[in-house]
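Presented below is the structure to which this report refers.
The values are calculated or read from the model by the stated rules, or taken from the named source; none is laboratory data. Treat the numbers as computed from the prediction; the structure is a model and nothing was measured. Reconstructed Cβ throughout: ideal geometry from the backbone, glycine too, with neighbour counts over all protein chains shown.
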Amino acid sequence: MSERKKPIQSNIPPKPIGNSEYIVGTEKEFNNDVWTELLRSFGPYQLELIVKNNPAYKITFKEDPGLEKLKLELKQNPEIRYVEPNSRLEKKN
């Protein structure tokens with residue numbers, strides 16, 4: 001009887017879904033006026049509430065502002081919990 005191989009654990013890096021998509025978690029739901037003020041310097045964007053209990057939004061920008069710039073600007077609001085790129089895990093071949 002042959003011995004079964006144990007699965008190899010590996011770090012699977014997240015692959016960006018879209019270069020200009022970000023997930024932003026907030027303490028409470030924000031209305032459009034708040035988002036307009038927060039994102040006024042980033043140009044056109046599309047906003048979608050993706051989690052209602054602990055609010056999280058997907059923001060897609062026409063032109064990618066970059067994670068660090070976006071974090072710097074949004075984290076000035078104390079009700080922003082996190083800002084991260086929208087990613088998915090993919091298995092490496």
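The residue list Glu21, Glu48, Glu37, Glu27 contains one member that is within 19 Å of Pro85 (Cα to Cα), exposed (fewer than 12 other Cβ atoms within 10 Å of the Cβ) and modelled with pLDDT of 90 or more, which is Glu48. Scanning region 51-62 for residues that are more than 17 Å from Glu79 (Cβ to Cβ) and either in contact (Cβ under 8 Å) with a residue 40 or more places away in the chain or exposed (fewer than 10 other Cβ atoms within 10 Å of the Cβ) (or both) yields Thr60, Phe61, Lys62. If you filter region 77-93 down to residues that are at pLDDT below 95 and more than 17 Å from Tyr45 (Cα to Cα), you find that the one that is surrounded by the most Cβ atoms within 10 Å (Cβ to Cβ) is Ser87.
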